[in-house]
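A.B. asks: Starting off with a structure, shown below.
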Amino acid sequence: MRFPNLGPLSNRLRPVPRRLARSKLVWSIAALLLLYTLGGFVLAPYVVERYLPSLAQEHLGRGASIGKVAINPYTLTFEASGFHLAGGEKPLIAFDRLFVDLELSSLFRRAWTLADVRLEGPNLGLVIDRDGRLNLLELLERLRKPPQPDDASPRFVLRHLAIDRSIVSLSDLSGA
């Protein structure tokens, strides 16, 4: 590539691409961007798909399965499909698709800010057992932690919530 004779400026223009190609800063930024991209698009969905069933078993005492998980680290979106949390003969909690759009402003507001949450095909299978106990209560008791005096509740902002095609079924096995 030839530059017209611009005097001392032409000497500065010629080596710019070569200096950028040899710059450790440019290569470091490119490597970090590549790691962020691979971590967000590939590693994070794999971790969720792989470890969600064991975490559900450990913390909830129930088996869980999830179909496909997609995360976009650039638009800060999360999408999961085909989730089932075991509840006996039929799932206690299930959904066809969950989409969550986190806003970048969450970092600056110190509050989880969700622009959009869409839940499609949720299914809640409630069962009252022979002792008159609701199966969902056992799950909630496992999730409850004693409040700590120094713990502040996280701030949470939800701009749009859509729940589509939901089903709630109730089976009463308590007798009368």
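A.B. asks: Using helices alone, what [θ] at 222 nm do you get for the chain, with -39,500 (n - 2.57) per DSSP H run of 4 or more residues, divided over all residues and rounded to the nearest 500?
C.D. replies: Roughly -9500 deg cm²/dmol at 222 nm, from the helical runs in the chain.
A.B. asks: Once the Cα atoms of helix 24-38 and of the chain are each reduced to a long axis, what angle between those two axes, in degrees from 0 to 90 to the nearest 10, is obtained?
C.D. replies: That helix lies at roughly 20 degrees to the long axis.
A.B. asks: Extending each Cα 7 Å along its Cβ direction at ARG118 and LEU55, get the distance between those two points in nm, one decimal.
C.D. replies: Taking the two extended label points, one gets 2.4 nm.
A.B. asks: Let me ask you something else. Relative to the longest principal Cα axis of the chain, at what angle does helix 44-60 sit, 0 to 90 degrees, rounded to 10?
C.D. replies: Helix 44-60 sits at roughly 30 degrees to that axis.
A.B. asks: Here's another thing I want to ask about it. With the crude spin-label approximation of a point 7 Å out along Cα→Cβ, what separation in nm comes out for VAL42 versus ARG144?
C.D. replies: That separation, rounded to one decimal, is 4.5 nm.
A.B. asks: Computed from these coordinates, which is percent of Cα pairs over 29 Å apart: [x] 46; [y] 41; [z] 51?
C.D. replies: For percent of Cα pairs over 29 Å apart, the calculated option is [x].
A.B. asks: Further question: Counting only protein heavy atoms and a 1.4 Å probe, tell me what percentage of the chain's accessible area is made up of carbon and sulfur.
C.D. replies: C and S atoms contribute 62 percent here.
A.B. asks: If ARG144, ARG165 are ordered by their accessible area, calculated over protein heavy atoms with a 1.4 Å probe, which sequence runs from highest to lowest?
C.D. replies: ARG144, ARG165
A.B. asks: Still on this model: Let me make sure I get this right: for segment 57-112, a, b and c are the square roots of the gyration tensor eigenvalues over alpha carbons, sorted descending. Under 1.5 in a/c it's rounded, otherwise prolate if a/b > b/c, else oblate. Which is it?
C.D. replies: Note, shape of segment 57-112 comes out prolate.
A.B. asks: Let me ask you something else. Please calculate the 1.4 Å probe accessible area of ILE167, with all protein chains present, and give it to the nearest 10 Å².
C.D. replies: Accessible area of ILE167: about 90 Å².
A.B. asks: Please list, or write none, the lysines whose alpha carbon is within less than 30 Å of the alpha carbon of LYS90, excluding same-chain residues fewer than 8 places away.
C.D. replies: LYS68, LYS145
A.B. asks: Same structure, new question: Can you sort ARG159, ARG130, ARG97, ARG118 by solvent-accessible area, 1.4 Å probe, largest first?
C.D. replies: So, going from the largest accessible area down, we get ARG130, ARG159, ARG118, ARG97.
A.B. asks: Given a 1.4 angstrom probe, what's the average accessible area per residue across segment 68-121, in square angstrom?
C.D. replies: 55
The values are calculated or read from the model by the stated rules, or taken from the named source; none is laboratory data. What you see is a predicted model; the values in this text were computed from it and never measured. Positions of Cβ are generated from backbone atoms using ideal geometry, with glycine treated the same way; all protein chains shown enter the neighbour counts. The accessibility values were calculated without ligands, DNA or RNA, using every heavy atom of the protein model including side chains. Shrake-Rupley method; radii C 1.70, N 1.55, O 1.52, S 1.80 Å.
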